[in-house]
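Quick notes on the structure that follows.
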Amino acid sequence: MKTRITELFGIQYPIIQGGMHYVGFAELAAAVSNAGGLGIITGLTQRTPELLANEIRRCREMTDKPFGVNLTFLPSRTPPDYPGYVRTIIDSGVKVVETAGNNPQKWLPALREAGIKIIHKCTSVRHALKAESIGCDAASVDGFECGGHPGEDDIPNFILLPRADDELKIPFVASGGMADGRSLVAALSLGADGMNMGTRFIATQEAPVHDNVKRAIVAASELDTRLIMRPLRNTERVLKNAAVDRLLEKERDLGASLTFEDIIGEVGGVYPRIMQEGEMDAGAWSCGMVAGLIHDIPTVKQLIDRIMAQANAIIHERLAKLSAR
Ligand SMILES: Cc1cc2nc3c(=O)[nH]c(=O)nc-3n(C[C@H](O)[C@H](O)[C@H](O)COP(=O)(O)O)c2cc1C
């Protein structure tokens, strides 16, 4: 399948694996790229630029296909060594960067000069337009359904994607709620040039996370996610568990006086315990509503082949028949 996104990134299928904290290691990124999509290593999961350089090296040993690195710019009192990470990405010869969170403008000249293509993840049309205006090559448009940070506008993809299509000149992928061939064809119909998946890729054989995490996603329905940190304007969609119940109770009790310190026990540094140790109630972890569409744990290649087969069947059989005279 050829779209502006496959052309831009030199990939076979218009399917991207979004950066995911403590999930996006070399094993998953390489599996996605080997299966014809674009795998992405999560930069900040590597605690130092040197560790990121090592992770990029490991990924390159596992695939000769293009892969990218995610750089997330979230509010932080002690910001990570962003200049060091950017230098590492450039020196390692990576050709795609997925930026997310705050405006990446400051880092674009250096990245672009190195021939790196930038796809910025946005949760609103105005942020996507901003990304276009500062020179990003593509956008990943993340609807309200998404796992992780959906922003504060709460616009689902059935509205957000055609709005992006109306306004953007750069290509964009649909992100949030994407799971199968139906999602891909719908995304293409709504104006996207491909799709980005997070939660769906966690429930695969190659995702280097504890089996408990994969099983929790398979067991969850579309009703099982919650929005946390809304009073802090740092909303995150997570899977409901004991820690999330506790956190939401604090949000209700403290109202507008809630601070980050009040909930640090539920959100601070919990990812290694959940993703690696499988302690499913250790804290809040990102998960999309799409969990309701995830019923198995295939290999990445089985998943991507199945998505493409289903998408092609919908386009060439179901839809073709509808328009046949
Ligand atoms: C466990 C998890 C961790 C995530 N971590 C990050 C991250 O560190 N940076 C980022 O830009 N997006 C992150 N995301 C968001 C994904 O890249 C992607 O945009 C999102 O999962 C798409 O929605 P979906 O889960 O419905 O497919 C995370 C998502 C999940 C599920």
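Between L38 and I15, I16, Q17, the built amide H atoms are under 5 Å apart, and every one of these is 5 or more places off in sequence or on another chain.
Placing a label point 7 Å from the Cα of K95 along the Cα-to-Cβ direction, the residues of region 31-55 whose backbone N falls under 18 Å of that point are 31-41. Summarising the overall dimensions of region 179-235 from its C-alpha atoms, the Rg and Dmax are 14.6, 36 angstrom.
Contact order for region 50-209, expressed relative to its length and based on alpha carbon pairs under 8 Å spaced 6+ residues apart, stands at 15 percent.
Distance between the modelled labels on E279 and E61, one decimal in nanometres: 3.0 nm (7 Å Cα→Cβ projection). In region 1-93, the ratio of gyration radius to Kirkwood radius, Rg to Rh, stands at 0.99 when only Cα atoms are counted. Around the Cα centre of region 126-262, unit charges on the Cβ atoms of Lys, Arg, Asp and Glu (plus for the first two, minus for the last two) sum to a dipole of about 160 debye.
Rg/Rh, computed from the Cα trace of the chain with Rh as the Kirkwood radius, has the value 0.95. Whole-Hz Karplus values for region 7-22 come out as 5, 4, 9, x, 10, 7, 10, x, 10, 10, 9, x, x, 9, 4, 6 Hz, taken residue by residue from phi with 6.51 cos²θ - 1.76 cosθ + 1.60 and θ = phi - 60°; glycine and proline positions read x. For region 299-315, 3J(HN,Hα) computed residue by residue from phi via the Karplus equation (6.51, -1.76, 1.60; θ = phi - 60°) reads 6, 4, 5, 4, 4, 5, 4, 5, 4, 5, 5, 5, 4, 5, 5, 5, 5 Hz, glycine and proline entered as x. Relative contact order of region 116-215: 22 percent, from C-alpha pairs under 8 Å at least 6 residues apart in sequence.
Every helix of 4 or more DSSP H residues in the chain counts as -39500 (n - 2.57), and over all residues that averages to -11000 deg cm²/dmol at 222 nm. Taking the Cα centre of region 1-119 as reference, the dipole from Cβ charges on Lys and Arg (+1) and Asp and Glu (-1) amounts to some 220 debye. Note on the chain: with neighbouring protein chains present and a 1.4 Å probe, carbon and sulfur make up 52 percent of its accessible heavy-atom surface.
Build a GNM of the chain with springs between Cα atoms under 10 Å apart, and of V209, V270, V300 the one that fluctuates most is V270.
Taking amide H positions as modeled 1.01 Å from N, with prolines and chain starts lacking one, the residues under 5 Å from F73 and 5 or more places away or on another chain are A100, G101, N102. List, in the order given, every pair from K130/K214; K214/K321; K2/K321 whose Cα-Cα distance in the structure shown is over 32 Å. Among K130/K214; K214/K321; K2/K321, the Cα-Cα distance tops 32 Å for K130/K214; K214/K321.
Between region 91-141 and region 194-235, how far is it from one alpha carbon centroid to the other, in angstrom? With region 91-141 and region 194-235 each reduced to a Cα centre, they are spaced 24 Å. Rounded to the nearest whole Hz, the Karplus-based 3J(HN,Hα) values (6.51 cos²θ - 1.76 cosθ + 1.60, θ = phi - 60°) of region 44-49 follow the sequence 6, 5, 7, 5, 9, x, with x at glycine and proline.
Each listed q (0.18, 0.22, 0.31 Å⁻¹) maps to a log10 I(q)/I(0) for region 145-198, found by the Debye formula over equal Cα scatterers with no solvent: -0.53, -0.80, -1.34. Around the amide H of Q205, modelled in the peptide plane, lie the amide H atoms of T299, V300, all under 5 Å away and 5 or more residues distant in sequence or on another chain.
Each Lys and Arg Cβ is given +1 and each Asp and Glu Cβ -1; about its Cα centre, the chain then shows a dipole of about 740 debye.
Length gained on full extension, L227 to L74: 53.4 nm, using 0.36 nm per residue less the C-alpha separation.
The values are calculated or read from the model by the stated rules, or taken from the named source; none is laboratory data. As the structure is a computational prediction, the values presented were derived from the model and not from experiment. Cβ: placed from backbone, ideal geometry, glycine included. Neighbour counts: every protein chain shown. Side chains included, ligands, DNA and RNA excluded: accessible areas come from the protein's heavy atoms. Shrake-Rupley method; radii C 1.70, N 1.55, O 1.52, S 1.80 Å.
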